[in-house]
1. Could you grab me the full set of residues in region A:526-546 that are open to solvent by 10 Å² or more (accessible area, probe 1.4 Å) and away from every other protein chain (no Cβ under 14 Å)?
2. Could you list, in sequence order, the residues of region B:107-137 that are in contact with a helix residue (DSSP H, G or I) (Cβ under 8 Å, 6 or more places away or on another chain) and either outside any helix (DSSP H, G or I) or assigned by TED's automatic domain parsing to the domain that holds B:Ile198 (or both)?
3. Looking at B:Val273 and the list (1) modelled with pLDDT of 95 or more; (2) surrounded by 24 or more Cβ atoms within 10 Å (Cβ to Cβ); (3) under 23 Å from B:Tyr434 (Cα atoms); (4) touching a strand residue (DSSP E or B) at 6+ places or on another chain (Cβ under 7 Å), which single condition is not satisfied?
4. What's the total number of residues in region A:257-270 that are crowded, with 24+ Cβ neighbours inside 10 Å and of a type outside the set (A, V, I, L, M, F, W, C)?
5. Restricting attention to region B:5-52, which residues are of a type in the set (S, T, N, Q), in a helix (DSSP H, G or I) and in contact with a helix residue (DSSP H, G or I) (Cβ under 7 Å, 6 or more places away or on another chain)?
6. Does B:Leu280 qualify as being within 14 Å of another protein chain (Cβ to nearest Cβ), in contact (Cβ under 8 Å) with a residue 12 or more places away in the chain and more than 26 Å from B:Trp525 (Cα to Cα)?
7. When the residues of region B:321-336 are filtered to those that are at pLDDT 90 or above and among the charged types (D, E, K, R), which remaining residue is least open to solvent (accessible area, probe 1.4 Å)?
Protein chains: 2
Amino acid sequence: MNAFQPRTDDMNFILFEVLQAPAQLQALPVHAEADAALMQQVVEEAGKFVAEVIAPLNREGDEIGAQWKAGAVTMPPGFRDAYQAFWQAGWPSLACAAEDGGQGLPAALEAMLYEMLSAANHGWTMAPGLLHGAYECIKHHASPELKARYLEKVATGEWLATMCLTEPHAGSDLGLVRTKAVPLADGRYALSGTKIFISGGEHDLTDNIVHLVLARLPDSPPGPKGLSLFLVPKFYEDGSRSAVVCERIEEKMGLHGSPTCVMRFDEAPGWIVGEPGKGLNAMFVMMNAARLHVGLQGIGLLDAAWQKADAYSKERRQMRAPGGSAKAGEADLIEQHPAMRRILDAQRAWIDAGRVVAYRTALELDILKNHGDATRRELASRWCSLVTPVLKSAWTDQAFHGASACLQVFGGHGFVREWGIEQIVRDSRVAMIYEGTNEIQAIDLLLRKTLPDGGAALLQLLADIGGELGDDAQAVRVKAQFARFTSFLRERLLPRATAKDAPADLAHWLADDFLRAVAMLLMAWAWARIGATTGGYAPRWQATQTGFWRWVWPEFDMRLAMLDASLDAA
Amino acid sequence: MNAFQPRTDDMNFILFEVLQAPAQLQALPVHAEADAALMQQVVEEAGKFVAEVIAPLNREGDEIGAQWKAGAVTMPPGFRDAYQAFWQAGWPSLACAAEDGGQGLPAALEAMLYEMLSAANHGWTMAPGLLHGAYECIKHHASPELKARYLEKVATGEWLATMCLTEPHAGSDLGLVRTKAVPLADGRYALSGTKIFISGGEHDLTDNIVHLVLARLPDSPPGPKGLSLFLVPKFYEDGSRSAVVCERIEEKMGLHGSPTCVMRFDEAPGWIVGEPGKGLNAMFVMMNAARLHVGLQGIGLLDAAWQKADAYSKERRQMRAPGGSAKAGEADLIEQHPAMRRILDAQRAWIDAGRVVAYRTALELDILKNHGDATRRELASRWCSLVTPVLKSAWTDQAFHGASACLQVFGGHGFVREWGIEQIVRDSRVAMIYEGTNEIQAIDLLLRKTLPDGGAALLQLLADIGGELGDDAQAVRVKAQFARFTSFLRERLLPRATAKDAPADLAHWLADDFLRAVAMLLMAWAWARIGATTGGYAPRWQATQTGFWRWVWPEFDMRLAMLDASLDAA
């Protein structure tokens, strides 16, 4: 089994040629120096680090896994050294502000770094993956005193961080969180409660761990408005250890390189982050970035699976293919069989389009934060708000299902651990669940972000990005489908779903199909952008584009038919 | 985690009410005594044995797994005792002929037994699952002398058996097999070669193991016509051990309770089974039965996953559901959430329809073997030939994807081993590969069984089974879809795909979508049969039938669109 090798040429093509990232970014004063040469150099260095240091640890990460003993967690061989090299080289702080010890580079570079890391070693990547939300959280909500103590350590990644949200009885609905925070005389709070599914709650990668904990102050109202956010470190500055214990780690289907911890807080002193009762707000500001990162995990894992299957299909022979070139008594290469070609081209179509959508989201996050023009920021805000749940849901779904399709290319060998493809199937499954299940993403898109404004933002987004397309045949085709969906929304879905007499559950029945239909439109748009860039297509992109329209796109009409059936049934 | 409990009432409803199995079977003299009372008694006893003896071993089967040491394989705890109890109770020989030591009961009962066994413990079930093909093979092809030695031992299951086909360079294409069989002076043959992916090649369940081995005689022609079949036991009658060694077992994604062996034959003496050069024929006679059994594994595993998810959804609460009944500050049951309801109903629709299709296939196998009327046998032959690849492919595909959907019902807990749902996802994946990959099933259906006769057999089958439907609304709807597909075949697909100038690879591009379209038609037909039986539907069947039409059936039009696109592209 070969370790993952990033193919930065494919990634660069999307970022620099299709999305013209440097031109977009250099319009922002803060990124005036982010020219193509600088950015490409960062991508190449990241690719090298990922290939040489992180990817080789992936298999032992799965087979040995994180080990729990008496409250301590030992990470798999090499994980600590790799992490120490990672933060000391400055990778965690790539996109952090210079004043916090970071390098102030665009989010798009961080996105590409994390896509490659996830592809190479999903388990290892979980640890630094949680840093960025914690950094934003502390930066924007902590008191100056707390920032002085923790911000730089978290920005640079010298200390890792966790997000302690879920409790045994409170998964998707955080409003039911029961962990208590009782004020102490010194201005701190004593936290007590049990949190589950805490990635990286305990480990030996760093000398300290910073926990961000959702908890409830005494006499706070029930539900989400009674939640506040607290910071509890593993070790205080005097070297004493906090009363936070990792009770056990879960035995999981995959992702064995990342300890999923049950954490018990026994009156552990910590500080409040932000205002009382604003705990969820403090966490939700970073939700788009976190969901973008999970979407990137999906793209990375699918790319890792595809690369394995592609390599195998070019090297192994099996049966005679129609029009194959094998001599009598020999077999053809697996890639020559239509059923296998279809699998490879369809997954590739998802990867390439996924990059267009994900890197664009990263660019829009930078634009949203830094652009001088309010109209442009508004487009960025619409994009991030509407596209992020689609990216998270559709591409993590595809990571699992597409990795399974890639496994099929190996035949019986795919089921054997040796080839490493089954690990990707196992590891990828969790991304459909965490950071908001894929069903919650669909509810977010339709019920929270589309129906309340009568579809205005979504229709405007489609108009905006449809307007980016030219007049080539593919662009015309895509614009026609945008128009079709727009009519369907205006004339059928929106009037019915927002009618006063609409059944309370109607929108819930629509949500999954609605998100998938939007995902298909975004992919079609992405392929139109790629097509306009390559102009007449190089063979590599041409085959994949054909694969998209033949094997992926037909889902769009199926989703419209399902939406129709649900509207009819209501 | 609770062990699997068969729900024989649901199974009985399909076999006895929908398919009217006793009336069908009692028309066959050999099954004149197979009345409903006798058959139901067998089903209940089987269900009891499965629940009490086999299901409780499933988790340790996965976690401890089969262990290899110096050529020997130790099965997981309890596996040997359970197997000894299984064969001594007469379960392996349920459908074997009385003169071979069996009970001569219908194949449909064996089908239900294996569906339950697979649901309860897929790994354990692999061992006896291979017996039936070996029995048929020896019964129909071995010499009287060889039968006298081995037939009863294999029929009763006192000894287990293997099928040694695959070699490192020959997976789906057995024509490339290289294992050699050299004649010995005593009429036997010395077998030499390496076979891979041999399920149950070595174990401690039984005192002897009977290997059926595909090999090549000296000077035999290249390709499949040069292959003959041989029988090599682990132990000869004098107690000496044959030169067959289990070199290692594979580390796999799942199915840890079944050792997947690399077997090396070093001039191991064995007997020829059937005529020289007819080895593949001898194995292919039992292919329909073997593929039916894999389809039943799919149905059983999906049912096991569904039962877990259903139970969890009725017991756990999460968030507020639209129109839910939870009090303020509490959460609703998971089953009340539309996105989860949809998953459960769609999977249930696959299970119920799958049983109609699979049990009917078992009945048709009995009819094919025993019916007095040639016209009826011809319908049976058409059914088995055309439906079996669809059943194998579509329902093993659904076992994996549907089990993953059921995992989603558990949220984060689904990814944790404790609940047992992730094991089903892992175990089920292999059924998409073995016994002919699902892509090979599609090629079998379209290229071998539909195009050569210009679609005559398939069109006749659709006419025959469409004719079984009545005049209720659902039946009319299904017949209209049969008519639509028939026109599509006659007017579009067949003329183009069988045209002299059709590209050599055209049919290969069509095959997967073609099989899925036929699967949808069979499901629609099955639901019409269920609907006609329940008459106005009990709520349980009504909800599932609605689930079928809303969440499953729309794939049919997508497949037609994909077929159209491929025909256009050619």
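1. A:Arg529, A:Ala532, A:Thr533, A:Thr534, A:Gly535, A:Gly536, A:Tyr537, A:Ala538, A:Pro539, A:Arg540, A:Trp541
2. B:Asn121
3. (3)
4. Within region A:257-270, residues that are crowded, with 24+ Cβ neighbours inside 10 Å and of a type outside the set (A, V, I, L, M, F, W, C) number 5.
5. Passing the criteria: B:Thr8, B:Asn12, B:Gln24, B:Gln40.
6. Answer is no for this residue.
7. Step by step, filter region B:321-336, then rank; the result is B:Asp332.
Here's the yes/no breakdown for (1) within 14 Å of another protein chain (Cβ to nearest Cβ); (2) small (Gly, Ala, Ser); (3) over 30 Å from A:Ala170 (Cα atoms):
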site	(1), (2), (3)
B:Gly420	yes, yes, no
B:Ser428	yes, yes, yes
B:Tyr434	yes, no, yes
B:Gln441	yes, no, yes
B:Ala457	no, yes, yes
B:Ala475	no, yes, yes
B:Lys479	no, no, yes
B:Thr486	no, no, yes
B:Leu494	no, no, yes
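The values are calculated or read from the model by the stated rules, or taken from the named source; none is laboratory data. The structure displayed is predicted, hence computed values, not measured ones. For neighbour counting, all protein chains shown are included, and Cβ atoms are generated from backbone atoms with ideal geometry for every residue, glycine included. Surface areas here come from the heavy atoms of the whole protein model, side chains and all, with no ligands, DNA or RNA. Shrake-Rupley method; radii C 1.70, N 1.55, O 1.52, S 1.80 Å.
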